[in-house]
Amino acid sequence: MKKTLLVLFTLINFLVYSQHQLPNVKLKNLKGELVNSNLDFQKKEVLYVYSFWATWCAPCVQELDAINEVYGDWKQKLNVELIAVSVDDSRTEKRVKPMVNGKGWGYTILLDTNQEFKRSLSIANVPYTVVVKNNVIVYVQNGHSPGGESEFFEKLKSL
Amino acid sequence: MKKCLFLIAILSSISVFSQTITKDEKTKGRLFGGLESNSQWYLNDIERGINHPEQPIRSNNYLLINYNYGKWTAGIQGESYAPKPLLNFNPKYEKTNLGTYFLNYKTEKVDVTAGYFYEQFGSGLLLRSWEDRSLGINNAIRGGKIVLRPSENLSFTGLYGNQRTGFGVSKGTIYGFNSDINLSGILKMESSDVSVGFSYVGREEKTTFVNPNFEELTNSFSGRFNYSHEAFYINSEYNYKAEDAILYPITVSNAFVKPGSALLTNFGYSKKGVGLDVSLRRIENMNFLSERNPEVFSPEQTSLAYNDRMMNFVPSLTKQHHSNLANIYVFQAQKSVSIVSDNGIAKAGEIGGQIDFFYEFKKGSAFGGKYGTKIALNSSNWFNLDGDYTLYPPDYKTDFFTIGEKYFSDYNIEISKKFNSNLQGSIVFINQYYNHRLIAASLNIQVNSFIIAPEISYKLTPTKSLKIAVEHMWADSDRKNWAALMVEYNHNLNWSFFVSDMYNYGFDKNSNLIDDVSDHFKIHFYNLGTAYTKGSSRIGLSYGRQRGGLVCAGGICRFVPPSSGVTLSLTKSF
């Protein structure tokens, strides 16, 4: 059995092609409208930052709070749009709207209530960030460290 | 072993295939998926009197591989629990095997899946199939699903299949239909959003009763609406489950047959800087399993303990705290009927509500200071359904809107503030009441607790940061008081380190304790670890002690036994 596992892991190493395109999943926004996760975000040269988060995830909320402080600056300097994808299930989904408004976030919000989008990207834990430009995934970041937004902004500038 | 080889054969064929297609990006063929591995090396802990299990090294591993070509996507998930799954995971996860597979065809208007699929109708009170690896839940349905979207305002789903349990499927057959209709889109309403939805879920399972007092096909229905106008919104959902036999205590009784229902209403008001949300819910007899009788592994252990064969999702509507101490007395939604004549416990569900209030004191205001101040208030109260209960033979008749004995309450406030560009902090105050007697139907223990949890994070350089969190809980019974400390150092976006400790004191050794496998007193629950992340990969390594108790995600919990050891986790997506 160990051998089997070994073979599986070796296979993975052969399989490491990055996922070039974002899967297209239909998700609701806060108005209840269906939005395509990929097809509706395809403007040329725009950096689409998909930030996966949840209302119960403290580092996620901290990260989105921190970016919100500088989001105006970012938008002036870069052609960037942040899409905050909530993976809250029906336990906490209802807290998304009042929280987003209460915190005054200016992001596009998508609701991935049964985690179809999260699953299609094999995301194990939030926060998790995927940057898409010209329909190609150009950067992935797993986790968040306080203050990491300035480092992340430098990264965005280089993409 | 044969199945393993089969799995590998599939994998290798896909990998070979992918090499050919990646040469030409325009064919749009792409391979994607992920790997997750959670391993634990259990050690003996003399101080706590714990011996490691027979197989001390255990591991749960998941490999998901999908291949997409145009409108077609195929996927498989291999799972390996070798040599054994982590402690207290469903024993039906054995060895290495194929977990799920599917083939999907998707266009703008049609979405068809054969094989295993995940789905949720409405808020999931009748049907939700999903995966949560930390809880060992994968109740995907194996069968067929078709979603039709004739216009952007209409969506219809039909499904059929059997639910996954371990590496097999359960005996009950599930039929489902769902519709979502966006009325404001159809009627071209500009200023308001109005939508409605209807669902049907049926579960058919043969019964061994000669003259059953219930139908083999259990029908359930749900209707819901959603309305919002500017900053105001309201939505509501009613679910009805037809008469079905109730578990008494762990097998169904032909003499105890009742319908079930769930009513959920949510409304709120939110605009920039302020948010108010209210959820009210009443649940009666909503335990809905894909097989009526749970599998019995031992007199104390049934498949219910592993959240196996659950068709619906009834999460507890309470705040999911990130404070460790606030998760000691954690409430689980009371969806089932439980009548225990020995100790006089009789309950048929729950009724209660939760209120959330978010507010931001603006920058420059008296409370806001230079950077603004955010507050979040939350409270929840949950009660048994009031009514006439008979212990033997078991029976009940509930009143619709009156409340019975209290299960749980939580009042909390969280204030977060940025002091300067390098320093920010938050503080949480939590008051909880936990009625163990009624929730767990056992010892007569009720706990009132008060928790304070301040936390600061300080940016040392643009990439390095330090986070310190302190927690204290005062409790009036069970193990009494707890103190906890956590220090986290983030070196950069790649490396992070943490140390933490939890300590229990002020207890009375002779008092009743909630769990009979509880730890010795005067134990430090220390943990230390590190994590490395790069791109989509993350490796975490930690060493320490795990308190026995509930581990919860999304309002569903799994019991973990006390343990000590080394944990290694690895995730990667591609």
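The values are calculated or read from the model by the stated rules, or taken from the named source; none is laboratory data. Quick caveat, the model's predicted, so the values are computed rather than measured. For neighbour counting, all protein chains shown are included, and Cβ atoms are generated from backbone atoms with ideal geometry for every residue, glycine included.
Some notes on this structure:
- When residues of the stretch A:80-104 are limited to those that are modelled with pLDDT under 90 and part of a loop (DSSP other than H, G, I, E, B), the one surrounded by the fewest Cβ atoms within 10 Å (Cβ to Cβ): A:Gly104
- Residue identified as farther than 30 Å from B:Thr461 by Cα, surrounded by fewer than 18 Cβ atoms within 10 Å (Cβ to Cβ), of a type in the set (Val, Ile, Thr) and touching a Gly at 6+ places or on another chain (Cβ under 9 Å) among B:Ile413, B:Ile403: B:Ile403
Yes or no, residue by residue, for (1) crowded, with 19+ Cβ neighbours inside 10 Å; (2) not in a strand (DSSP E or B):
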{"site": "B:Ile76", "(1), (2)": "yes, no"}
{"site": "B:Lys84", "(1), (2)": "yes, yes"}
{"site": "B:Phe102", "(1), (2)": "yes, no"}
{"site": "B:Glu108", "(1), (2)": "no, yes"}
{"site": "B:Arg164", "(1), (2)": "yes, no"}
{"site": "B:Val169", "(1), (2)": "yes, no"}
{"site": "B:Gly172", "(1), (2)": "yes, no"}
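- Note on the stretch A:132-148: residues that are surrounded by 21 or more Cβ atoms within 10 Å (Cβ to Cβ) and more than 10 Å from chain B (Cβ to nearest Cβ) amount to 1.
- Flag if A:Asn101 is within 12 Å of chain B (Cβ to nearest Cβ) and under 25 Å from A:Leu22 (Cα atoms): no
Per-residue answers, yes or no, for (1) basic (Lys, Arg); (2) assigned to a loop (DSSP other than H, G, I, E, B):
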site: B:Tyr389; (1), (2): no, no
site: B:Pro393; (1), (2): no, yes
site: B:Ile403; (1), (2): no, no
site: B:Asp410; (1), (2): no, no
site: B:Lys417; (1), (2): yes, no
site: B:Ser421; (1), (2): no, yes
site: B:Gly425; (1), (2): no, no
site: B:Tyr434; (1), (2): no, no
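- Odd one out for B:Leu280 among (1) modelled with pLDDT under 95; (2) part of a strand (DSSP E or B): (1)
- Out of B:Ala376, B:Ala305, B:Ala366, one residue alone is buried (at least 17 other Cβ atoms within 10 Å of the Cβ) and among the small types (Gly, Ala, Ser). It is B:Ala376.
- Residues in the stretch B:134-165 that are under 23 Å from the mean Cα position of the chain (by Cα) and within 16 Å of B:Ile76 (Cα to Cα): B:Asn138, B:Asn139, B:Ala140, B:Ile141, B:Arg142, B:Arg164.
Listed here are the residues, each with its yes/no results for (1) within 15 Å of B:Ser323 (Cα to Cα); (2) in contact with a strand residue (DSSP E or B) (Cβ under 8 Å, 6 or more places away or on another chain); (3) in a loop (DSSP other than H, G, I, E, B).
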| position | (1), (2), (3) |
| --- | --- |
| B:Ser477 | no, yes, yes |
| B:Ala483 | yes, yes, no |
| B:Tyr489 | no, yes, no |
| B:Gly529 | no, yes, no |
| B:Gly544 | no, yes, no |
| B:Thr567 | no, yes, no |
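- Flag for A:Lys26 being within 11 Å of another protein chain (Cβ to nearest Cβ) and either in contact with a strand residue (DSSP E or B) (Cβ under 9 Å, 6 or more places away or on another chain) or modelled with pLDDT of 85 or more (or both): yes
- Selection from the stretch B:454-508 of residues that are more than 15 Å from B:His524 (Cα to Cα), in contact with a His (Cβ under 8 Å, 6 or more places away or on another chain) and buried (at least 20 other Cβ atoms within 10 Å of the Cβ): B:Asp478
- Screening B:Ser170, B:Ser236, B:Ser134, B:Ser220 for residues that are among the small types (Gly, Ala, Ser) and closer than 30 Å to B:Ser270 by Cα leaves exactly one candidate, B:Ser236.
- Flag if A:Thr129 is in a strand (DSSP E or B) and among the polar types (S, T, N, Q): yes
- For the stretch B:197-246, a tally of residues being surrounded by 15 or more Cβ atoms within 10 Å (Cβ to Cβ) and on the phi > 0 side of the Ramachandran plot returns 0.
- Residue match in the stretch B:556-566 (condition: modelled with pLDDT of 90 or more and within 23 Å of A:Asn125 (Cα to Cα)): yes
- The residues listed here are B:Ser496, B:Ser500; of these, the one that is touching a Leu at 6+ places or on another chain (Cβ under 8 Å) and either among the aromatic types (Phe, Trp, Tyr) or in a strand (DSSP E or B) (or both) is B:Ser500.
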